[in-house]
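Any read-out appearing in this document is the output of simple, stated calculations on the displayed coordinates, not a laboratory observation. Treat the numbers as computed from the prediction; the structure is a model and nothing was measured. Cβ placement follows ideal geometry from the backbone for every residue including glycine, while neighbour counts extend to all protein chains displayed.
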Amino acid sequence: MASSFFLPALHASHAGIWLVGRDGVREASRGEAIRAVSDTPHLLLNAPLTGQRLGFAEVSGLDLLELFAFVHPARFVVPTVAGFAGWLGLAEPADDAAAAALLPVIAERLLEVVGNDGWPEREGAWTVNMTLQRLGWGWAGLVGQRLRKPDRGERMLFSRLEQWEEAAERPPPRAVRLGDGEAEARLRLLTGSGSEQRDGQRAFAAAAAHAFSPRDRRDSPNMLLAEAGTGIGKTLGYLAPASLWAEKAGGTVWVSTFTKALQRQLDAEGRRIIADPDERKRRIVVRKGRENYLCLLNLEDAMQGSFSGRAAVLAQLVGRWAAYTKDGDMVGGDLPGWLPSLFRRAGATALTDRRGECVYAGCPHYRKCFIERAERAARGADLVIANHALVMVSAARGRLAGGLERIVFDEGHHLFDAADSTFAVALTGAETIELRRWIIGPERSSKGRRRGLAARLMDVCSYDDQGAAALDAAIQAAGQLPADGWLGRVVEGNPWGPLEGLFAAVRGTVLARARAEDAGYGIETELAEPDGALVGAAAAALEAMEALQRPLSALRLRLESVLDEAPDWLDGAARARVEGAIAGLTWRGNAVMAWGQLLARVGGAPDPDFVDWLNVDRIEGRELDIGLQRRWLDPTRPLAKAVLEQAHGVLVTSATLRGGEEGWSVAEGRTGATHLPAPALSFHAPSPFDYAASSEVLVVTDVRQGDLAALANAYARLVAAAGGGTLGLFTAISRLKAVHARIADRLARDQLPLYAQHVDPIDTGTLVDMFRADPAASLLGTDALRDGVDVPGESLRLVVMERVPWPRPTVLHAARRLAGGGSAYDDRVVKARLAQAFGRLIRRQGDRGTFVILSAACPSRLLTAFPDGVQVSRVTLEEAVGRVAGSRSSPAGVVGARSADGGVIEAGENPSITS
């Protein structure tokens, strides 16, 4: 593939290192490669990953991913040579040497775009490249040679962004009832006349209509628990009645998910509902927590000098993206997940509003703010695609756009865990120092703006003496909270102030009660029988919390009074800023109140509704945080009160909602349905897949637990037998890392790439994209991959679990285990995890695969987690390797049994709905 363009290039994989020079491609040693890139800038693809493969912390060069982010902002490419080849229409490289040879070709093709008059992302490129050249960006000179200077000055980024517009409040939805057959008719419209009509999907759509009927009594929504097996097509099954009700009633349906992958899928399905892109943008909105969105004021600070070095380069590339993004979502949106990871410690988190310091209408970019635009768009949308955490937090704070009329909780098996996190209380050093910064602002010199409460409210409080006095009192009281360096002082036995004294006492109690085997990791102990030092420290800390809560509450009341009195100076912008401050003060004030309640518990009687404990967070022996924790014993109680009772209709759906043979009582208990006045209806549609013909489960009996060498050998042999396409699931990061280190090079020599969470410097979503794109690749991961991966087809044909996923023996687990039936509770947890892990294997008609558990100690009673009819065999590793290898050449089995009318159903079982 001859070319006049040339730059030296370096490609590194676990199989070796290749250098590209004018005389061709040659394999090189690590030392030789490091010397080469140190002397001359080389083309690279993902510099942090290349550096890791070289064993060299920081490798600089011309990263093709950075060039792609400049040339095609808000677009995504799988960050591999094969991914670039597919994007550019080039032949996929046959081996690593061919991949190395492609790097200069990829660079040339991307640079050609810069000189193309039809380049759609040209606007702003000249200005950004000039800035990047001053910052020393390696690509700037090459880009500048090809980039034509615009005839007139380019508009600044912030003048190019679209403004959002205020709109009248949406009227309450009308009371309508979907007629018989209407949901199914809408489903036919969405699926298309030529597509296969599935009985289970039609039945699901008809049943889901129940959640959209007018409710009969206050605090009791029309609730449906719907288990729809993989392959039913539940997404369109509930979008059909949801979109129809939204149109007829003029209301908003919130569709809540647990994973970003499903959010993206739902957003894509919107094309079926509304074809016109502008209309779809108005009526279907994706909403996330504000910490996911780019903060334009933070970006302006970064671009004007508060960032330096590599971080400043990142800011400019994010600025390029901001001009072309759909919605400003930096986490799971159209910002490539690999872009922030290229800059490591110069992370993108400082560009989002993660500390609640928004100045609202006081911001010069308020009318163009991505967060405000998304919130306003959601108020008038038919469908709002959100996540469980946002829905719960917004409902608890009474801030759901359009009220709580109708909610669909997809991935409903995660509701319990989401509620557990949402309604938790954590009084820790990290949380309290964050509160101090929110109130006082940065206490060290900073190039950026000051963001304390005084800076955000001083002009408002200058019109109100009582408000100013409350603000001063709050700032003074916040001075009792932990300050920078708190953890070092606590560890050294020199705490300052009542809260640091509390954390010192907590640490002493935890360390005194810790077991020897906990030495390297996070440790905890239940909050029981506290000694005098801890009780005294808690009392002093409680006084500090009360001293802080009073002025925060007084300040909130004064701001509410300002709104009620509406003085002449209170224009629309000032009103919005005051409303934002009230919301923040309410949220923070509630947190302080909850901390006070937890502190009052120390030395007193335990509350049977809660589980309280003390903890010291650690990683490999290094302490990170200290504090007191509180969780609801049953977090679905606040879920039912704050969220479900406010809604008129709720649909909770999942492929594994019932927990196997446990029945609907498990689903009712883990979704909050048991705490509602009226019973929920239930619906079940089995998967159309013939799991018995397309999959099997192997329990390997001769890999000894604790033998890392044997575990690594088992993984290597199974991945090789499958020819890649393997998802490896681990219950401990340390074992994942150890196995990866032992087998990655070995597999790479056979052209079987191995990626790993917690090892590769790449975000999890991108790792899954890389895995999905290459049928020869395999991926190792932990819990996040157990039920957050949708990889159909040949790219995933083997799932290997390194051991039975028993729950960790924490204080919280022990309390819930005691309340939930002892060992039966453990079994339910494990079977749910096994079912979710198995669910990664067969995603579409025609998929085939094998599920392997490397644990002889897997009890037979847990094996009911797998679908009926699936063969489960206890075998040696040798037999397992043979079966996995044999399955590669087996003909595809018949998937699904046909009903009399042509629908695909499971033999002997029909979709059903019961009360």
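Computed per residue of the chain from DSSP H runs no shorter than four, each worth -39500 (n - 2.57), the mean residue ellipticity at 222 nm is -13500 deg cm²/dmol.
Equivalent-ellipsoid semi-axes for the chain (Cα gyration tensor, √(5λ), whole Å, largest first): 41, 38, 32. Other residues within the sphere of radius under 9 Å centred on the Cβ of T731, judged by their own Cβ, net out at +1 (K and R +1, D and E -1).
Can you compute the label reach from Q163? Point 7 Å from Cα along the Cβ direction, backbone N cut-off under 19 Å, restricted to segment 335-370. Answer for this model: 360-370. Amide hydrogen proximity for R874: with H placed 1.01 Å from N in the peptide plane, the residues at 5 or more positions away or on another chain lying under 5 Å are V699. Measuring between their Cα centroids, segment 55-134 and segment 615-675 lie 44 Å from each other.
Quick one: check the C-alpha center-to-center distance for segment 817-841 versus segment 480-532, whole angstrom. Between the Cα centre of segment 817-841 and that of segment 480-532, the gap is 33 Å.
Of the trypsin sites (Lys or Arg not before Pro) in segment 143-233, the ones in a loop by DSSP (not H, G, I, E or B) with at most 15 other beta carbons within 10 Å are R148, R152, R155, R174, R177, R218.
When I523, I407 are arranged by Cβ crowding within 10 Å, least crowded first, meaning fewest neighbours, the order is I523, I407. Backbone amide hydrogens, once placed in the peptide plane, bring I17 within less than 5 Å of A28, excluding anything fewer than 5 places away on its chain. Given their separation in residues at 0.36 nm each and the Cα-Cα distance between them, E443 and D783 gain 118.6 nm when the chain is fully extended.
Work from the charge dipole of segment 691-895 (Cβ charges, +1 for Lys and Arg, -1 for Asp and Glu, about the Cα centre) and give the residue of C858, H758, A709 farthest towards its positive end. Among C858, H758, A709, the one farthest towards the positive end of the dipole of segment 691-895 is C858.
Which of rounded, prolate, oblate describes segment 9-154, given a ≥ b ≥ c as roots of the alpha-carbon gyration tensor eigenvalues and a/c under 1.5 marking rounded, otherwise prolate only if a/b is larger than b/c? In terms of gyration-tensor shape, prolate.
Close amide H contacts of L754 (hydrogens built in the peptide plane, cut-off under 5 Å, sequence separation of 5 or more or a different chain): S778.
Checking the cross-link pairs K368/K737; K234/K641; K248/K641 against a 32 Å limit on the alpha carbon distance flags K368/K737 as lying beyond it.
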